[in-house]
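Presented below is the structure to which this report refers.
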Amino acid sequence: MQEIFNKYINYLEVERNASHYTVRNYKTDLLGFFQFLRTKGIGSLKEVDRHTLRDYLSYLMEQGFVKASIARKLSAIRSFYRYLLREGVVSASPVVTTSSPKLDKRLPSFLTIEEVERLLKAPDLSTPQGQRDRALIELLYASGLRVSELVSLNLGQINLDTNEIRVWGKGSKERVVLMGEPAAEALRHYLSQGRPKLLAEKRSNALFLNRYGQRLMERRVQRILQEYAKRAGLNKRVHPHMLRHTFATHLLDGGADLRVVQELLGHARLSSTQIYTHVTKSQARKVYLSAHPIAREKDDESENRQ
């Protein structure tokens, strides 16, 4: 199993051009599955059947894994068996008859405009790190970038004349994302003052640097947002993907076309973007009152009485 596992990982990296994070997750999930097989005395992938998989799913539930994690692990196994079928290692996939657990549909959490403003004011602009962090938060909110896309940005990908960024997203697909003037101004300030101080005598093409002049890592970005959220008094667990949610939600609330938002987010499928078609309560009330004639009349009468 180890040999075929190594070949599969190489296939993901070379042929599928999967991201580092996808490969890492697949490795973790498959190695956990292999460990389970060993405890059951199964030494060959050909011995795995649908009963084995059902036992594995039951084991995961007993261990306290949530439905989303179980579904992800099963997806990794399903992809692995598609590869095994293609390579002729197995003649049938036991995953075909195994259904993923039904996930609860949850709306993505996002920040209000007022919360975004408080978050943006949190960094100390008198320090290089504060200038970097202000630019970083502005860019996440203005562009809807994934955190992996953000930390991999190089100087040559930024065009401050047109306020555009060339991004290589999932599957190394290139797209152009936009940013508003506040984000562009924050970047100019960081590039002219903060970044040279962080870089010192070192050399790097990375846009965002840590205090050692090296490329900023994802985990550090997550900690930065958590620290500023606390400083801003936000009673939410703020993370990079929440700013991506916020970007999409605010665009759609403002009347942006769903397919435009899909393009900006880099979603391959429109269905991935449709989760953001929820609206805030205030926006729902605004649309309702403007569209429903009798409701609008009643609301006007209420205001006149006050």
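How about segment 67-152: which helices (runs of 4 or more DSSP H) wholly inside it have at least 3 residues that are surrounded by fewer than 15 Cβ atoms within 10 Å (Cβ to Cβ)?
Values: elements: 67-87, 113-121, 128-143, 147-151.
Helices (runs of 4 or more DSSP H) meeting the threshold: 67-87, 113-121.
Quickly run through segment 32-56 and pick out the residues that are in contact (Cβ under 8 Å) with a residue 12 or more places away in the chain, out of contact with any Phe, Trp or Tyr (no Cβ under 6 Å at 6 or more places or on another chain) and in a helix (DSSP H, G or I).
Matches in segment 32-56: Gly32, Phe33, Phe34, Leu37, Leu45, Lys46, Arg50, Thr52, Leu53, Arg54, Asp55.
Quick check on my filter: what residues within segment 101-135 are among the polar types (S, T, N, Q) and at pLDDT below 95?
Let us first name the residues in segment 101-135 that are among the polar types (S, T, N, Q), namely 109, 112, 126-127, 129, 131.
Ser109, Thr112 - these are the residues of segment 101-135 that are among the polar types (S, T, N, Q) and at pLDDT below 95.
What do you reckon, is Phe65 touching a residue at least 24 places away in the same chain (Cβ under 8 Å) and more than 30 Å from Glu174 (Cα to Cα)?
On the way: touching a residue at least 24 places away in the same chain (Cβ under 8 Å): no; more than 30 Å from Glu174 (Cα to Cα): yes.
Criteria not met by Phe65.
Can you tell me how many residues within segment 195-211 are assigned to a loop (DSSP other than H, G, I, E, B) and surrounded by 21 or more Cβ atoms within 10 Å (Cβ to Cβ)? So that I can check it myself, show each step before the final result.
Restricting attention to segment 195-211, the residues satisfying the condition of being assigned to a loop (DSSP other than H, G, I, E, B) are 200-205, 207-208, 210-211.
Okay, now just the ones that are also surrounded by 21 or more Cβ atoms within 10 Å (Cβ to Cβ), so 207-208.
Count: 2.
Yes or no, residue by residue, for (1) farther than 24 Å from Leu265 by Cα; (2) in contact with an Asp or Glu (Cβ under 6 Å, 6 or more places away or on another chain); (3) not β-branched (Val, Ile, Thr):
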site: Val176; (1), (2), (3): no, yes, no
site: Met179; (1), (2), (3): no, no, yes
site: Gln193; (1), (2), (3): yes, no, yes
site: Glu218; (1), (2), (3): no, no, yes
site: Val221; (1), (2), (3): no, no, no
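Sort through Arg175, Arg188, Arg166 and tell me the only one that's in a helix (DSSP H, G or I) and either out of contact with any Cys (no Cβ under 9 Å at 6 or more places or on another chain) or surrounded by 20 or more Cβ atoms within 10 Å (Cβ to Cβ) (or both). Explain how you work it out, then say what you get.
Working: Arg175 fails: in a helix (DSSP H, G or I); Arg166 fails: in a helix (DSSP H, G or I).
After applying the criteria, what remains is Arg188.
Going by the conditions given, is Arg24 surrounded by fewer than 16 Cβ atoms within 10 Å (Cβ to Cβ), within 20 Å of the chain's Cα centre (by Cα) and free of Cβ contacts under 8 Å to residues at least 60 places away in the same chain? Steps first, please.
Numbers: surrounded by fewer than 16 Cβ atoms within 10 Å (Cβ to Cβ): yes; within 20 Å of the chain's Cα centre (by Cα): yes; free of Cβ contacts under 8 Å to residues at least 60 places away in the same chain: yes.
It is true that Arg24 is surrounded by fewer than 16 Cβ atoms within 10 Å (Cβ to Cβ), within 20 Å of the chain's Cα centre (by Cα) and free of Cβ contacts under 8 Å to residues at least 60 places away in the same chain.
I'd like the residue in segment 212-246 that is assigned to a helix (DSSP H, G or I) and of a type in the set (A, V, I, L, M) and, out of all such residues, is surrounded by the most Cβ atoms within 10 Å (Cβ to Cβ).
So in segment 212-246, the residues assigned to a helix (DSSP H, G or I) come out as 218-231, 240-246.
This time we only want the ones that are of a type in the set (A, V, I, L, M), so: 221, 224-225, 229, 242-243.
Values: Val221: 21, Ile224: 20, Leu225: 24, Ala229: 21, Met242: 19, Leu243: 27.
The selected residue is Leu243.
So which residues in segment 52-87 are under 17 Å from Phe34 (Cβ atoms), over 23 Å from the mean Cα position of the chain (by Cα) and not charged (D, E, K, R)?
Residues satisfying the conditions are Thr52, Leu53, Tyr56, Leu57, Tyr59, Leu60, Gln63, Phe80, Tyr81, Tyr83, Leu84.
For segment 37-60, how many residues meet the condition of being buried (at least 17 other Cβ atoms within 10 Å of the Cβ) and either of a type in the set (Phe, Trp, Tyr) or more than 12 Å from Ile77 (Cβ to Cβ) (or both)?
Count: 1.
The values are calculated or read from the model by the stated rules, or taken from the named source; none is laboratory data. None of the values given here were measured: they were computed from a predicted structure. As a convention, Cβ positions derive from the backbone with ideal geometry for all residues, glycine included, and neighbour counts pool all protein chains shown.
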